[in-house]
Amino acid sequence: MSNILLSIDAGMIEWSRAQFALTAIYHWLFVPLTLGLAVVMGVMETCYYRTRKPFWKDAAKFWQKLFGINFAMGVATGIILEFEFGTNWSNYSWFVGDIFGAPLAIEGIVAFFMESTFVAVMFFGWKKVSAGFHLASTWLTGLGATISAWWILVANAWMQYPVGCEFNPETMRNEMVSFAEVALSPLAIDKFFHTVISAWIIGAVFTVAVSCWYLLKGREKKLAVESIRIGAIVGLVASVGAALTGHQSAYRVAQVQPMKLAAMEALYNGGTDQSLTGIALINPFVQPDYENDEEPPMRIAVPYALSILATNNPHGYVPGINDILNGYTRPDGTTELSAGEKIERGKLAISALASYRQMKREYGGGAMLKEQLKVLKENMPYFGYGYIHDKSELVPFVPINFYAFRVMVGVGCLLILFFMVVLFFVYKKDIVAAPKWLHWSAIAMLPLAYIASESGWLVAEFGRQPWTIQDMLPTWASVSNLHSSSVMITFFIFLVLFTTMLAVELNIMLKQIKKGPEYENMNESV
Amino acid sequence: MSYEMLQQYWWFLVSLLGALLVLLMFVQGANSLVGSLGGDAEGRRVVINSTGRKWEFTFTTLVTFGGAFFASFPLFYSTSFGGAYWLWMVILFSFVLQAVSYEFQNKLGNLLGARTFQFFLVLNGILGPVLLGGAVATFFEGSNFIVEKDNLTGMQPVISQWANASHGLDALLNPWVLVFGFAVFFLARILGILYVMNNVDDEDIRSRASMRLVGSTIAFLLLFVTYLVHLFLKDGYAVEPATGEIYIEPYKYLHNFLDMWYLLVLLLVGVVLVLYGIVRTIISKTYIDGIWPVGLGVLFTVLALLLSAGWNNTAYYPSTADLQSSLTIANSCSSEFTLRTMAYVSLIIPFVIAYIMVAWNKIDSKKLDKEEIKTDEAY
């Protein structure tokens, strides 16, 4: 009976991956702006609360209006993401639901209700609640969104670095044994700060870009100058913060996901004193021939920098793709099994589990049962490898990781420079009279910042492949048993739906920006 | 609390969230009637702005309901969502459309036009309650799935399978699922009507709402009583607690209400409150607070029904394909550690409810009228 309907095709897995990626990419277009604008409008409303100058209220309301247009799409795409864990990754939902479900439930109870309660007060409560209550509501809306980010990033970090759990052969799933290890995983902490801070950058760039557009048009000068001032300060602090937390994140990846780091660096054969590739000409469409150490035609590298990034030591050892596949010995003498050995041990774990279940059904107990349990326990760290057919499946697609990482870091560095220049003009010159190229470059930075932000997620998620949960469960063992045609249809429905709604949102946003703020006192506008 | 107690506690919490979700579907109920309640374009906008200040709660409760189910009963999350794929996808599509429609509809440059977004709200107002109600009905009627955990050690390791190709849409072929789904739909309409009457300060809208209350009430009562009679007379899915074996028990749900008399009391009090709120609203021209007794009544009634689906050794998600695959709160729940940890987290819920009530009270301190929607703080 158990196998009568088992016909999972590879197409369905790819469509499920595509659908999740599509939803996540769209979701991440809206969420960072929500998180970032929450800070900007919170600061402005605080200025209003302290000074009671109507200008600050009008400015805060203007940014809140743009926040609202964007917020709805973040909510709409967010619900799909949560339910897709069940609809498209049902095996995953059972195998680790005992751990993974908790952060999602906490997110709902703690964060979503806070967000949804106070966002209504923020939008509709200006004339119904006191200024203090309204200010608190604005900040609590942002806080709710940020707490939401914490829990979803705890969940994501757990997929990258599963901790605080044990496999239970009776229930055939992993079960949580330490909530603290899951909720306060060092990877989750790094991820939270890096991700939220990078979202603040998006909010800051958006604010500066819209304001510079007003300056180019010669209108809303006061709003533009004050917004640029706040946006650029938030942006510069956040950009530097993103660089620091980015380094910490990369260090952590090197410790727990060395294959991801090797793919990000296109590092085929590692060693000590590793240099960091600045840029290299890698074919973006083809997996490189890493086995034969196929060097790209051009590679510019910074000596020792990769060793520093990965180990905080210029002479540190960094394994490459081949080292990880073939096994390696670290300078301290410790060894890492080869992929082949891990696959064998994974198969041993799965086979011991099958035997254990069968014996328990047939005999109920006995010494043989204990023996199988012992084998299972010894090999459990490699359980997921038992589903791997060939070691090449363990290598993520190098070009995407390589280029996405460089886009993220490159634009991140550019943003630090950009915000410094903007602040220079704000404080030492006149940002209104600044050269037009600066205003135009602010507008150009907006799509670049979004591309960088999405690139960060591409690295995080493509670099984890083929795993849904690192070393524990590959994608093809995580899916639901659906027909590929069903998932393909829903993929295209989502594509059309999200794209149409994005077009609507952008058009509304542009019209709203064109319309500009509404002033209680028109003298405030200049 | 023992592991068994924790399982019961979490079934209570999930049932409470489910009951709250049905209550909060007043948003969908009012939206499904937006044309007839609003009358003209201005009136429609008032109705939409009235529900527009609350839609996030329904949405958030749906998400939290899903999250709580995931955390506490992951095998249900895995089996139902992964199996009844199309049923859940249609529900999700309708909620996505709803989420953007409020914000976009009256904004300059919305490309699709205000009427399109209002249509989306009506669509969600119909599909949301009918399909979510239908999904709840499968707790009693069963679904066509097989769970085989040992698949995990095979070449195709997926443990939950849907036993037909329609992936959830087959539920809509069961007339009893439709009866329950439409009962929830008309209940949502009753709630929506009563909410609008309470929240909107406009005599025309209140008068139109009052007229539509009678029709929705008759339809709801017919469907609900029919389903309740069917439920009490039908065979149910029982579980033998010592062995975990599932078996068919005649009159199982009737037995459940008789065994758990407090649920029967809850159900009866709920129904009486619902009837009281509706009848008083119909009789009195000045009474506009019907949403409160009816809302509380709905909460009690749905809570009693959902609790009866899982408590008293009942399989809450029965399988019509393989009886022994049916899900019970014991065989589908999270580990004791997770349930206990999440139980601590659940202590925050009263605090959440408290701040929601404070915020709602502030926002609703002045009833919504046509003047307010002319300001820039309206959808």
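Coordinate-derived values only; no laboratory data. As the structure is a prediction and not an experimental result, all values here were calculated from the model. Note: ideal-geometry Cβ built from the backbone for every residue, glycine included; neighbour counts use all protein chains shown.
Axis of helix B:175-199 versus longest Cα principal axis of chain B: the two differ by about 40°, to the nearest ten degrees. Eigen-decomposition of the gyration tensor built on the alpha-carbon atoms of the stretch A:68-134 gives equivalent ellipsoid semi-axes of 33, 14, 5 angstrom, largest listed first. Modelled this way, with points 7 Å down the Cα-to-C-beta line, the labels at A:Lys428 and A:Val286 are 4.9 nm from one another. Counting Cα-Cα pairs of the stretch A:296-409 in 5 Å increments starting at 0 gives whole-percent bin shares of 2, 10, 12, 15, 14, 13, 10, 8, 5, 4, 3, 2, 1. In terms of its C-alpha gyration tensor, the stretch B:202-269 comes out prolate, because a/c is 1.5 or above and the ratio a/b outweighs b/c. Amide H contacts for B:Tyr251 (H built 1.01 Å from N in the peptide plane; partners 5 or more residues away or on another chain; cut-off under 5 Å): B:Asp235, B:Gly236. Sorting the segments A:129-136, B:29-36, B:80-87 by their mean number of nearby beta carbons within 10 angstrom, highest to lowest, gives B:80-87, B:29-36, A:129-136. With the simple spin-label model, which puts each label point 7 Å out from Cα in the Cβ direction, the A:Ile493 to B:Glu371 separation comes to 4.5 nm.
Relative to the longest principal axis of the Cα atoms of chain B, the long axis of helix B:55-72 makes an angle of roughly 10 degrees. Per-residue mean of foreign Cβ neighbours for A:354-363 is 1 (Cβ atoms of other chains, 10 Å radius). Per residue of chain B, the DSSP helices (runs of n ≥ 4 H) give a summed -39500 (n - 2.57) that works out to -22000 deg cm²/dmol at 222 nm. Mean projection of the Cα convex hull over all viewing directions, computed for the stretch A:33-184: 10.0 nm². Summary of packing: across the peptides A:206-213, A:279-286, the per-residue average of other C-beta atoms within 10 Å ranks them, highest first, as A:206-213, A:279-286.
Entry note: the stretch B:1-156 has Rg to Rh equal to 1.07, where both radii use alpha-carbon atoms and Rh is the Kirkwood radius. Each principal axis of the Cα cloud of the stretch B:1-89 was evaluated for its coordinate range; sorted largest first, these ranges are 56, 31, 16 Å. Helical runs assigned H by DSSP (4 residues or longer) give chain A a calculated mean residue ellipticity at 222 nm of -23500 deg cm²/dmol, each run adding -39500 (n - 2.57) before division by the residue total. Scattering from the stretch A:265-338 was approximated by placing one identical point on each alpha carbon and applying the Debye formula without solvent; log10 I(q)/I(0) at 0.13, 0.14, 0.25 1/Å stands at -0.40, -0.46, -1.17.
When the listed pairs A:Lys429/A:Lys514; A:Lys61/B:Lys285; A:Lys217/A:Lys429 are checked against a 31 Å cut-off, the alpha-carbon distance exceeds it for A:Lys61/B:Lys285. If the chain linking A:Ile443 and A:Ser130 were pulled fully straight, counting 0.36 nm for each residue of separation and taking away their Cα-Cα distance, it would gain 109.0 nm.
In whole angstrom, the stretch A:151-289 maps to an equivalent ellipsoid with semi-axes of 38, 24, 13, each derived as √(5λ) from the alpha carbon gyration tensor and ordered largest first.
For the peptide A:125-138, the mean number of other protein chain Cβ atoms found within 10 angstrom of a residue's Cβ is 2.
With all projection directions averaged, the alpha carbon convex hull of the stretch A:309-374 covers 6.4 nm². Taken over the Cα atoms of the stretch A:122-199, the convex hull encloses 129 Å³ per residue. For the peptides B:52-58, B:241-247, residues were scored by their other Cβ atoms within 10 Å and the scores averaged per peptide; the highest-first order is B:52-58, B:241-247.
Across the stretch A:281-290, computed HN-Hα scalar couplings (Karplus, 6.51 cos²θ - 1.76 cosθ + 1.60, θ = phi - 60°) run 8, 10, 4, x, 9, 10, 5, x, 7, 5 Hz from first to last residue, x flagging Gly and Pro. Checking every one of the chymotrypsin sites (Phe, Trp or Tyr not before Pro) in the stretch A:402-450 against DSSP loop status and a limit of 11 other Cβ atoms within 10 Å picks out no site at all. Rounding to the nearest 10 and keeping the result within 0 to 90°, find how far the Cα-based axis of helix A:484-515 lies from the longest principal axis of chain A. For helix A:484-515, the angle is close to 20 degrees.
Averaged over the residues of B:50-58, the number of partner chain Cβ atoms lying within 10 Å of the residue Cβ comes to 3. Near the amide H of A:Gly327, within less than 5 Å, lie the amide hydrogens of A:Ala339, all on another chain or at least 5 residues away, with H placed in the peptide plane. With semi-axes defined as the square roots of five times the eigenvalues of the C-alpha gyration tensor, the equivalent ellipsoid of the protein assembly as shown measures 44, 42, 20 Å, largest first. How big, in percent, is the set of alpha carbon pairs in the stretch B:114-204 lying more than 24 Å apart? Tail of the P(r) past 24 Å holds 45 percent of the pairs. Couplings for the stretch B:152-165, taken from phi via the Karplus curve 6.51 cos²θ - 1.76 cosθ + 1.60 with θ = phi - 60°, read 4, 9, x, 6, 10, x, 6, 8, 10, 10, 8, 8, 8, 7 Hz in order; Gly and Pro are left as x. Each part gets one Cα centre, and for the stretch A:340-415 versus the stretch A:457-526 those centres are 31 Å apart. Any idea what log10 I(q)/I(0) is at q = 0.06 Å⁻¹ for chain A, Debye with uniform C-alpha scatterers and no solvent? Debye intensities relative to I(0), on a log10 scale: -0.33. The length gained on full extension between A:Glu294 and A:Lys221, counted as 0.36 nm times the residue separation minus their Cα-Cα distance, comes to 20.8 nm. Couplings for the stretch B:104-120, taken from phi via the Karplus curve 6.51 cos²θ - 1.76 cosθ + 1.60 with θ = phi - 60°, read 7, 4, 10, 8, 4, x, 6, 6, 8, x, 4, 5, 4, 5, 5, 4, 4 Hz in order; Gly and Pro are left as x. Remark on A:Asn168: its backbone amide H falls under 5 Å from those of A:Arg173, A:Asn174, A:Glu175, a criterion applied only to residues 5 or more positions apart or on other chains, H modelled at 1.01 Å from N.
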